[in-house]
1. Per the Debye formula with a single identical scatterer at each Cα and no solvent contribution, what log10 I(q)/I(0) holds for region 278-381 at q = 0.12, 0.20 Å⁻¹?
2. Taking the alpha-carbon set of region 231-307, what are its Rg and Dmax in Å?
3. Rg over Rh of region 54-105, using C-alpha atoms and the Kirkwood radius, what does it come to?
4. Taking only protein heavy atoms and a 1.4 Å probe, what accessible area per residue, in Å², does region 112-175 have with all protein chains in place?
5. With a probe of 1.4 Å, find how much accessible area region 316-395 has per residue, and write the answer as a whole number in Å².
6. Bin width 10 Å, alpha-carbon pairs only: give the P(r) of region 93-173 as whole percents, running from 0 to the bin holding the largest distance.
7. State the percentage of accessible surface on region 60-167 attributable to carbon and sulfur atoms; use a 1.4 Å probe and exclude ligands, DNA and RNA.
8. Give, rounded to the nearest 20 debye, the magnitude of the charge dipole that region 267-409 has about its Cα centre when Lys and Arg contribute +1 at Cβ and Asp and Glu contribute -1 at Cβ.
Amino acid sequence: MAVIIESSVWEPNPYLFVFIFLCCFFSIFLLPYASKNGSTRAPALFDHGFSSSFSSFQWKFLLLYSLASLMEGLWSVYGEFELTYRGVNREEIVSSLGVGYAASLFVGTFLGVLSDLIGQKEGCVMFCIIHLVTAIWKRISVHPSLFVASIGLSLATSIFSFSFETWMVLQHEKQGHRQDMLSDTFWLMTVFESVSLIGNQMLLNSLVGDNVKRNMFSPSTVAVFLALICATFIIKGWTEVSQRIELEDYRTSFSSYIFSDKRIWLLAWAQASIHFSVAFFWILWAPTLVADGREVHLGLVYPCLLGSRILGSSLFPWLMGRTSSFRTEDCLLYGFVVSGLVMSIVAFDYQELGVLVMLFSLFHGCVGLILPSLARLRTMYVPSKLRGGMISLSLAPANAAILFFLLRDGYYRRIENSVIIAFAALSLFSSAGSMYALKRWGKHPYQNWQKQ
């Protein structure tokens, strides 16, 4: 008698989605009442006491940022499936990733400085143009070059990492809004970006459907329309006079305020470590879950991770409220420690799928808390006119490390994935130490916040 072995595809418990949704819902929508009872300030999402000009500015920017996040997430959500459909093998995928991160390292590192010099609005338009050209080229070309697409999208990602945040901060200051209101926009940016990525997955699934051959290039068409809408919105919807900086003045200011301040070096290291950890997480999370031939419904795990990131971001205004004893450095210290512990456990090759998903979700919850906290510290330490250059330069060590590990592990296969994850854990622990040192070294030099 033949033995029939039934294979089952693992997927998260449906109640997990309900749990994450309810936690996010109550965290966001109960905050105004808690803020009122605790005599703290509610977030701008609900606070009608804020000026109408700030609410209009904030929602206008968040709409633009959501569209940009939707466009930026098209490749991250659908790119691997498209490459597999085109018959691209593992070595070619690794090579394309390496070329992309090489472009981010050798070109993207200096795009922040360029945007500071020519204006962040122009940098955001450049982001849209790169996506537009890449999407049109992929749509009309029968066999588009994998390397050219990777370079274009990597440069667009580099611009996305600093341009929109820096532009928002500069516009915020020009319109005369209070500095402490920036925190509300920072955590809402992380929430809206995560929601856009989840919506991106739903949109692409509905566009492609069951007829993959017919609808394979629908994402490129969507990218074209999104790029045109975003570029038009930026050019026509935002009126500003670009204040360009002379290169010599910029170089002098950067040397005085950035290179000469050891506190900003610590902040840059923290930014690099979280960038490295998140980048390699998205490269390795699927191979880790499907190790040893396990079948996992990755499409259901993905929204769990982003939902956890939304939850982590929604905790930021609770921890940073006026009645809270937490400082921003404390929040980052604990966030880096917990995320480092999570990555350490994963590095030991833990095999239980449910535990792995729980650890991955906890890691993204920490990421959701860390990102707005780092943005808040940048506003405290970094002059706004130098912000783009500081962010892009701080990502250079992370991009160099990613490129090195891609070549050693992905191409030559000389480093195990668990070693890379362990290295990410060490970098997160070192960032926790840098936040501890940052707290010990004193006051914030450039901005006066009611609560540090």
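The values are calculated or read from the model by the stated rules, or taken from the named source; none is laboratory data. Predicted model only: the values in this text are computed from it and were never measured. Note that each Cβ is placed from the backbone with ideal geometry, even for glycine, and that neighbours are counted across all protein chains shown. In case anyone asks, the SASA skips ligands and DNA or RNA and just uses the protein heavy atoms, side chains included. Shrake-Rupley method; radii C 1.70, N 1.55, O 1.52, S 1.80 Å.
1. Taking Cα atoms of region 278-381 as identical point scatterers yields -0.44, -1.00.
2. 21.5, 58
3. Answer for region 54-105: 1.22.
4. Per residue, region 112-175 has an accessible area of 36 Å².
5. 31
6. With a bin width of 10 Å, the distribution comes to 20, 44, 27, 8, 1.
7. Result for region 60-167: 71 percent of the exposed heavy-atom area is carbon or sulfur.
8. 760
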